[in-house]
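Remarks on the structure that follows.
The values are calculated or read from the model by the stated rules, or taken from the named source; none is laboratory data. None of these values were measured; they are calculated from a predicted model. Here the Cβ is made from the backbone with ideal geometry for all residues, glycine too, and neighbour counts use every protein chain on show.
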């Protein structure tokens, strides 16, 4: 992992809210609305945190088979494995 990516990853994880999102996603993939409810946070505010986590490569979103309007967020385990090395 180039140093710039490591810096971006560590910066993303420096925020307590984003660490809480990661903790919630460790349990299972979730929709943004479910994450916002679990964190008692507005959707627009959560969206900013999700954007930082996506840009750092720690999470990814994918569509849900039965509803294209819904995104399911999940961790990218390979990014966390890189941090352990």
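Return the residue satisfying two criteria in turn: it lies in the stretch 68-85 and is exposed (fewer than 10 other Cβ atoms within 10 Å of the Cβ) and part of a strand (DSSP E or B), and of such residues it is modelled with the highest pLDDT.
Ranking the qualifying residues of the stretch 68-85, first place goes to 69.
So is residue 26 surrounded by 13 or more Cβ atoms within 10 Å (Cβ to Cβ), without any contact (Cβ under 8 Å) to a residue 60 or more places away in the chain and within 13 Å of residue 59 (Cβ to Cβ) or not?
Spelling it out, it is not the case that residue 26 is surrounded by 13 or more Cβ atoms within 10 Å (Cβ to Cβ), without any contact (Cβ under 8 Å) to a residue 60 or more places away in the chain and within 13 Å of residue 59 (Cβ to Cβ).
Would you confirm, using the coordinates I've provided, whether residue 7 is assigned to a helix (DSSP H, G or I), more than 12 Å from the chain's Cα centre (by Cα), loosely packed, with under 15 Cβ neighbours inside 10 Å and at pLDDT below 90?
Spelling it out, residue 7 is indeed assigned to a helix (DSSP H, G or I), more than 12 Å from the chain's Cα centre (by Cα), loosely packed, with under 15 Cβ neighbours inside 10 Å and at pLDDT below 90.
Please go through the stretch 36-57 and pick out each residue that is without any contact (Cβ under 8 Å) to a residue 40 or more places away in the chain, surrounded by 17 or more Cβ atoms within 10 Å (Cβ to Cβ) and under 22 Å from residue 78 (Cα atoms).
49, 50
Applying the selection to the stretch 16-41, what residues are out of contact with any helix residue (DSSP H, G or I) (no Cβ under 7 Å at 6 or more places or on another chain) and outside any helix (DSSP H, G or I)?
Result: 28, 29, 31, 40, 41.
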